[in-house]
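Written below as structure tokens is the structure these notes are about.
The values are calculated or read from the model by the stated rules, or taken from the named source; none is laboratory data. As the structure is a prediction and not an experimental result, all values here were calculated from the model. Note that we place each Cβ from the backbone using ideal geometry, even for glycine, and neighbour counts take in every protein chain shown. The accessibility values were calculated without ligands, DNA or RNA, using every heavy atom of the protein model including side chains. Shrake-Rupley method; radii C 1.70, N 1.55, O 1.52, S 1.80 Å.
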Amino acid sequence: MTPSQKTIAAAGGVVWRMRDGAPDVLLIHRPRYDDWTLPKGKLLTDEPELIGAVREVGEEVGAEVIVKERIGTVKYDVGDARKRVTYWSMQYREGDFVPNDEVDRIEWLRVGRAYTTLSYKFDRKILEDFASAPVPDSVLVLVRHAKAGKRTEWRGDDDLRPLDPNGERQAQALTPLL
């Protein structure tokens, strides 16, 4: 990457569902590029990666998902810019795909078949990373308390110390993630 090269932030997911004890993964076909890839898209201004990933998967394939874990980040050149895409493992919950301008077809495939169908090496790397870990059956989220008012200025029980304005923003930012 050159110092003046623009970075495009994006996020997406390896969307999967279990069939006969093994995961099928979702691939999308984009008619504009005539390629097979994982669902992903550009982040909105100041949008957290995880929220953008869930939004993009919903927009592209109509899927409601349960995010399981972060898989990794890939970087590649797109024209004169550098694209940075972070992916999560996303268990398919429900939804109905409707063909659209961006995605005209989807396929649910076993990991091995998906690997050979994907058009790009960076997608295959993410799929390899997904396949190298056990399929998660639960998620544990650890959250440290948000920024609170100064302890020295609070006379009551510390468990009841109110959040300061920054802590309020932190707590609000957690709402869509949780």
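So what is the orientation-averaged projected area of the chain, using the convex hull of its C-alpha atoms, in nm²?
Taking the Cα atoms of the chain, their convex hull projects to 13.7 nm² on average.
For helix 121-131, what angle does its Cα long axis make with the longest principal axis of the chain, in degrees from 0 to 90 and rounded to 10?
For helix 121-131, the angle is close to 60 degrees.
Rounded to the nearest 10 Å², what accessible area does residue 85 show when all protein chains are kept and the probe is 1.4 Å?
Its accessible surface works out to 0 Å², give or take rounding.
Give me the 1.4 Å probe accessible area per residue for the range 14-59, excluding ligands and nucleic acids, in Å².
Ligands and nucleic acids excluded, the result is 48 Å² per residue.
From the protein chains alone at 1.4 Å, what is the descending order of accessible area for 175, 45, 86, largest first?
Putting 175, 45, 86 in descending order of accessible area: 45, 175, 86.
Lysines near residue 83 by alpha-carbon distance under 16 Å, same-chain residues fewer than 8 away left out - which ones?
The qualifying lysines are 6, 40, 42, 75, 121, 125.
In whole Hz, with x marking every Gly and Pro, tabulate ³J(HN,Hα) for the range 45-54 from phi via Karplus 6.51 cos²θ - 1.76 cosθ + 1.60, θ = phi - 60°.
Each residue's phi maps through the Karplus curve to give 4, 6, 7, x, 4, 4, 5, x, 4, 5 Hz.
Could you check how much of the accessible area of the range 72-161 is carbon and sulfur, as a whole percent, using a 1.4 Å probe?
Numbers: 3020 of 6310 Å².
That fraction is 48 percent.
Any idea of residue 120's accessible area? Nearest 10 Å², probe 1.4 Å.
Residue 120 has an accessible surface of roughly 70 Å² with all protein chains in place.
Can you give the extra length, in nm with one decimal, that the chain gains between residue 133 and residue 174 once fully stretched, where that is 0.36 nm per residue apart less the Cα-Cα distance? Please report the intermediate quantities before stating the final value.
Details: separation 41, 0.36 × 41 = 14.76 nm, distance 2.64 nm.
Full extension of this stretch gives 12.1 nm more.
Sort 125, 83, 150 by heavy-atom solvent-accessible area, probe 1.4 angstrom, most to least.
These residues rank, largest area first, as 150, 125, 83.
Where the only charges are on Cβ atoms (+1 Lys, Arg; -1 Asp, Glu), what is the dipole of the chain about its Cα centre, to the nearest 20 debye?
600
If I model a spin label as a point 7 Å beyond the Cα along the Cα-Cβ vector, how far apart are those points for residue 64 and residue 142 in nm?
The answer from the label model is 3.1 nm.
Using Cα-Cα distances under 8 Å and only pairs 6 or more residues apart, what relative contact order does the chain have, in percent? Display every interim value, and only then the final one.
On the way: 308 pairs, mean separation 43.3, N = 178.
The value is 24 percent.
Leaving ligands and nucleic acids out of the surface, order 130, 97 by accessible area at 1.4 Å, largest first.
97, 130
Taking the Cβ of residue 88 as the centre, find all other residues whose Cβ is under 10 Å away and add up their charges (Lys, Arg: +1; Asp, Glu: -1).
Residues near residue 88 contribute 0 overall.
Label points 7 Å out from Cα along the Cβ direction at residue 124 and residue 102: separation in nm?
Those two pseudo-labels are separated by 2.6 nm.
Using bins 5 angstrom wide from zero, how does P(r) for the range 1-84 break down, in % of all Cα pairs?
3, 13, 21, 24, 19, 11, 6, 2, 1, 0
Which stretch or stretches of the range 38-59 have amide N atoms under 14 Å from the point lying 7 Å from residue 6's Cα along the Cα→Cβ direction?
Counting backbone N atoms under 14 Å from the label point, the list is 42-43, 45.
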